[in-house]
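The values are calculated or read from the model by the stated rules, or taken from the named source; none is laboratory data. Source: prediction; values computed, not measured. Please note: Cβ atoms are built from the backbone with ideal geometry, for glycine as well, and neighbour counts cover all protein chains shown.
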Amino acid sequence: MNVQVDTPDQKLRARAQRVIPGGMYGHMRSAGLPAGYPQFFARGEGCHLWDVDGRRYVDFMCSWGPIVLGHKHPAVTEAVQRQMAAGDCLNGPSERMVELAERLVGLIPHADWAMFAKNGTDATTTCVTLARAATGRRKILVAKGAYHGAVPWCSPYPLGVTAEDRAHLLTFTYNDAASLEAAVAQAGDDLAAVIVSAFRHDYGLDQELPDAAFARRARELCDARGAALILDDVRAGFRLTLRGSWDLVGVQPDLSAWSKAIANGYALAAVTGNERFRDAASKVFVTGSFWYSAVSMAASLATIDELERIDGPRRMREMGLRLRQGIAAQAAAAGIGVRQSGPPQMPTLLFDNDPDCAKGDRFTVEALKRGVYLHPRHNMFLSAAHTEADIDFALEATKEAFAALAAR
């Protein structure tokens with residue numbers, strides 16, 4: 001049977017199938033989104049998106065995290081345009097690189113230095129490389145189910161990955177100190193680093209904030225063994241606090257990986273570290289064709305300034321709490337069991353007795369029809385552009401979505 005291809009989104013999907021393997025790649029191919037979600041978008045402004053079919057949504061994915069101030073934020077746009085007029089990809093870095101490194105070192109308690117890349121995977125991989133270079137050891141401890149990037153050493157997907165790629169990875173359970181202690185003992189004298197996420201944000205599962213006692217124990221174990229404690233702050237950095245996410249539990253890492261929100265949608269990643277790892281960072285060869293991009297660094301400077309000026313993490317938390325409380329009340333009124341987890345700035349919404357996510361799929365599709373873009377499995381993201389009016393609009397849509405779900 002021939003499928004009618006008539007909308008702009010459908011036409012683009014058909015064209016993409018001919019020239020892009022699978023028609024899409026990365027998280028948009030494996031995103032777990034039900035039928036009815038758009039694949040192609042036309043523009044964004046503030047906390048709103050328009051797909052190529054002209055439909056407008058309140059955006060609760062924020063480009064999977066990078067949009068922290070809102071799409072097309074004027075201060076960031078002005079900084080980008082100013083830097084673009086001067087130059088972007090030059091023979092070496094611009095002054096923006098030094099300014100941004102100074103800004104991060106002045107802002108993040110553990111940071112004595114900073115270096116830059118483009119993607120979160122670049123940053124986590126660089127942290128692991130630096131830990132091995134500084135310690136002369138090989139073993140890296142990772143939490144079971146954690147996501148730290150999309151290259152063979154850490155990819156959650158086995159296709160194209162060999163056992164040798166992960167030969168020196170050992171696992172522990174997030175927030176389980178005994179499990180971490182056992183993994184440290186297993187690594188023995190070959191322990192280079194423990195890498196932890198800002199909080200447990202495994203795909204499709206309830207999220208779990210870090211336990212302060214677990215975080216302290218991780219710090220103690222790394223200190224006792226001379227290993228690096230690496231914080232993967234790629235997803236959460238600058239949404240929960242501007243000081244590094246584990247600052248909230250009173251623990252400072254040796255190395256941190258940053259990306260997503262640090263430049264409000266412009267491609268940038270960073271590694272920050274303490275004095276112990278400066279020598280290794282000055283010797284290890286890491287680079288990329290666009291790692292000195294001045295425009296992204298100008299965007300980051302403007303983003304950080306604005307987040308600090310408005311106390312962006314506080315604003316996002318307040319709007320996230322407004323959304324969470326509204327959804328909780330609606331679910332109770334509808335007699336539908338839901339679980340909301342993670343920090344309010346990065347909420348996850350899952351349904352009770354929903355192993356195949358059928359309820360989540362139906363609920364989010366109903367919200368989508370009413371102009372609200374949610375995700376049925378992945379953690380979502382608030383931005384500083386979300387206002388009380390936007391949250392209330394979203395709650396009107398979710399109220400109707402709960403009613404539709406209850407009726408079915």
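When you go through Gln340, Gln325 one by one, which is the residue that is under 22 Å from the mean Cα position of the chain (by Cα), not assigned by TED's automatic domain parsing to the domain that holds Glu208 and not charged (D, E, K, R)?
On the way: Gln325 fails: under 22 Å from the mean Cα position of the chain (by Cα).
None of the other options fit; the residue is Gln340.
Among the numbered criteria (1) in contact with a strand residue (DSSP E or B) (Cβ under 7 Å, 6 or more places away or on another chain); (2) among the β-branched types (Val, Ile, Thr); (3) more than 20 Å from Ala131 (Cα to Cα), which one does Thr171 miss?
Failed condition: (3).
I'd like the full set of residues that are loosely packed, with under 13 Cβ neighbours inside 10 Å and either in contact with a Gly (Cβ under 7 Å, 6 or more places away or on another chain) or of a type in the set (Gly, Ala, Ser) (or both), limited to region 30-72. Working first, answer last.
Initially, region 30-72 is screened for residues loosely packed, with under 13 Cβ neighbours inside 10 Å, giving 35-36, 43, 54.
Matches in region 30-72: Ala35, Gly36, Gly54.
Quick one: which residue in Ala123, Ala150 is of a type outside the set (Ser, Thr, Tyr), crowded, with 19+ Cβ neighbours inside 10 Å and under 22 Å from the mean Cα position of the chain (by Cα)? Give the steps one after another, and end with the answer.
On the way: Ala150 fails: crowded, with 19+ Cβ neighbours inside 10 Å.
None of the others qualify; the one that does is Ala123.
Just one of (1) assigned to a helix (DSSP H, G or I); (2) buried (at least 21 other Cβ atoms within 10 Å of the Cβ) trips up Ala111, so point out which.
(1)
Determine whether Ser197 is hydroxyl-bearing (Ser, Thr, Tyr) and at pLDDT below 95.
Values: hydroxyl-bearing (Ser, Thr, Tyr): yes; at pLDDT below 95: no.
No: the conditions fail for Ser197.
Can you tell me which of Asp176, Asp122, Asp206 is in the same structural domain as Ala228 (by TED's automatic domain parsing), among the acidic types (Asp, Glu) and over 30 Å from Asn353 (Cα atoms)? Even if it seems obvious, please write down each step before you answer.
Values: Asp176 fails: over 30 Å from Asn353 (Cα atoms); Asp206 fails: over 30 Å from Asn353 (Cα atoms).
The unique qualifying residue is Asp122.
Might you let me know whether region 174-191 holds any residue that is under 30 Å from Pro376 (Cβ atoms) and assigned to a helix (DSSP H, G or I)? Before you say what the answer is, go through the steps one by one.
Filtering region 174-191 down to residues under 30 Å from Pro376 (Cβ atoms) leaves 174-176, 179.
If we keep only those that are assigned to a helix (DSSP H, G or I) as well, we get 179.
Checked against the condition, which is being under 30 Å from Pro376 (Cβ atoms) and assigned to a helix (DSSP H, G or I), region 174-191 yields at least one hit.
In region 268-294, what residues are among the aromatic types (Phe, Trp, Tyr) and in a loop (DSSP other than H, G, I, E, B)? Full working, then the answer.
So in region 268-294, the residues among the aromatic types (Phe, Trp, Tyr) come out as 277, 285, 290-292.
Of everything in region 268-294, those that are among the aromatic types (Phe, Trp, Tyr) and in a loop (DSSP other than H, G, I, E, B) turn out to be Phe285, Phe290, Trp291, Tyr292.
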